1. Pairs to check: A:Lys155/B:Lys170; A:Lys152/B:Lys155; A:Lys33/A:Lys170; B:Lys33/B:Lys152; B:Lys45/B:Lys170. Give those whose C-alpha atoms are more than 18 Å from each other in this structure.
2. Take peptide B:165-174, look around each residue's Cβ out to 10 angstrom, count Cβ atoms belonging to other protein chains, and average those counts.
3. For B:Ala12 and A:Glu10, what does the FRET efficiency come to when R0 = 22 Å and r is the distance between their Cβ atoms, rounded to the nearest 0.05?
4. Taking a probe of 1.4 Å, how large is the accessible area per residue of the protein assembly as shown, in Å²?
5. Taking a virtual spin label 7 Å from the Cα of A:Asp28 along the C-beta vector, which residues in the range A:111-142 bring their backbone nitrogen under 13 Å of it?
6. Where along chain B is the Cβ that lies nearest the axis linking it to chain A, and how many Å separate them?
7. So, with +1 on the Cβ of K and R and -1 on the Cβ of D and E, and no other charges, what is the size of the charge dipole of the protein assembly as shown about its Cα centre, to the nearest 20 debye?
8. Long-range amide H contacts for A:His197: which residues qualify at under 5 Å (H placed 1.01 Å from N, peptide plane, sequence gap of 5 or more or a different chain)?
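The values are calculated or read from the model by the stated rules, or taken from the named source; none is laboratory data. If you're wondering where the values come from, they're calculated on a predicted model, not measured in any experiment. As a convention, Cβ positions derive from the backbone with ideal geometry for all residues, glycine included, and neighbour counts pool all protein chains shown. Note: accessible area is taken over every heavy atom of the protein model, side chains too, but ligands, DNA and RNA are not part of it. Shrake-Rupley method; radii C 1.70, N 1.55, O 1.52, S 1.80 Å.
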Protein chains: 2
Amino acid sequence: MHRTKVRIVEDALDANNTIASANRADFDRAGVKVVNFMSAPGAGKTTLLERVVTDLPGVRVGVLEGDVEGSMDADRLAGLHIPVTQLNTGAGFGGECHLDANMVRSAIPALPLDEIDLLLVENVGNLVCPAEFRVGEDARIMVSSVAEGEDKPLKYPLMFRACELVIVNKVDLLGHVDFDMDHFLHHLDAVHPGVEHMLVSARTGEGVDELRAWFAALPERAHAGAAV
Amino acid sequence: MHRTKVRIVEDALDANNTIASANRADFDRAGVKVVNFMSAPGAGKTTLLERVVTDLPGVRVGVLEGDVEGSMDADRLAGLHIPVTQLNTGAGFGGECHLDANMVRSAIPALPLDEIDLLLVENVGNLVCPAEFRVGEDARIMVSSVAEGEDKPLKYPLMFRACELVIVNKVDLLGHVDFDMDHFLHHLDAVHPGVEHMLVSARTGEGVDELRAWFAALPERAHAGAAV
């Protein structure tokens, strides 16, 4: 039984990667860079996107918003006058706890690829399954809030490995939570040696300039093969 | 394709419920009440358990600790001199993002059911899939931290419906995060009208007495059919 089960999972991941490659080819043809934003629920992805999308000079940004149901985050971001497309995993996809390549493929016809240079994909809040499913992105960003605790890289190592950038968010709370940054960075280095990281507060804006610079340099990164 | 997929999911949930009933029968025979603790990663389940298990007079507590991998939380709790059993979803269960009835069934032989009155099951940190899988519990507790934001009941309604008690944790951070308690409770009432809730800080101990009283009254609740 277990052998069969594992085989099915592997087949599904192979199929996902094939579709992810097709997505990537479509994005490349349109000249659109794609970043997959992942985190636990409530780590601050949407607030971070609000900070970033309004101030990337010369870059036309669009958002693909992934949620089990509802469109609260999409509605917040649409108020910033950028194109936002909602993708619900509850409608036709069984209420999945992550985005996969097939879901993103189904959304491509609704994306204004000719009108944007950068597509930010906000994944479903979850520290397990999103790490297993590429969607055709150039790079993956993992957001971890200091309120979640310094042990998270050790408890969810796949997620912290499956990214090119780790954002440690809500650093404005550092004086109010039991979180030792040195311990966190030590744990992070243990599971993903050398991965780039930034200390940020989406709430106060601290550190967000560094993230904007990262986005501005994304085309060169992707070209140089630094991003996958 | 979608019809087939949904059918498989329904069959899997039926099978899960059958195994959950078998688990429940085993727990009932042993006279052990079982509570399923669910939350997002980093909401404070383990710290809350540390607060509770050390001060439930006359109740012998055991913990079944669910994680994708590792035993950090189990090690923390074992230091409190209670029986702790680790259940990893990464070992033989494909790295699943939740506990299900079959996983808990596989752990039953390792549980000291004769030596405990109350088994606290700490689920994998996740706001989507744990809600779909009963494990044979008498009651489910959902822990939501104020650091995660007031919108969570609307974004993950199934999770907030699939519980008999909602604990709003980390209330010591209320002055430092953008969280309006009235809004949160309004959203909670919209998705699960009348569900019991408690405002708690596992860090400071605020509100934990009320939770201890809830556990002390659990046998009568289960007997009266208040819990499922």
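1. A:Lys155/B:Lys170; A:Lys152/B:Lys155; A:Lys33/A:Lys170; B:Lys33/B:Lys152
2. Across the residues of B:165-174, the mean count of other-chain Cβ atoms within 10 Å is 1.
3. The calculated FRET efficiency here is 0.70.
4. 40
5. Within reach of a label on A:Asp28: A:136-138.
6. Taking the axis that maps B onto A, the answer comes out as B:Ala147, 2.
7. The calculated dipole for the protein assembly as shown is roughly 940 debye.
8. Amide H neighbours of A:His197, under 5 Å, 5+ apart: A:Val166.
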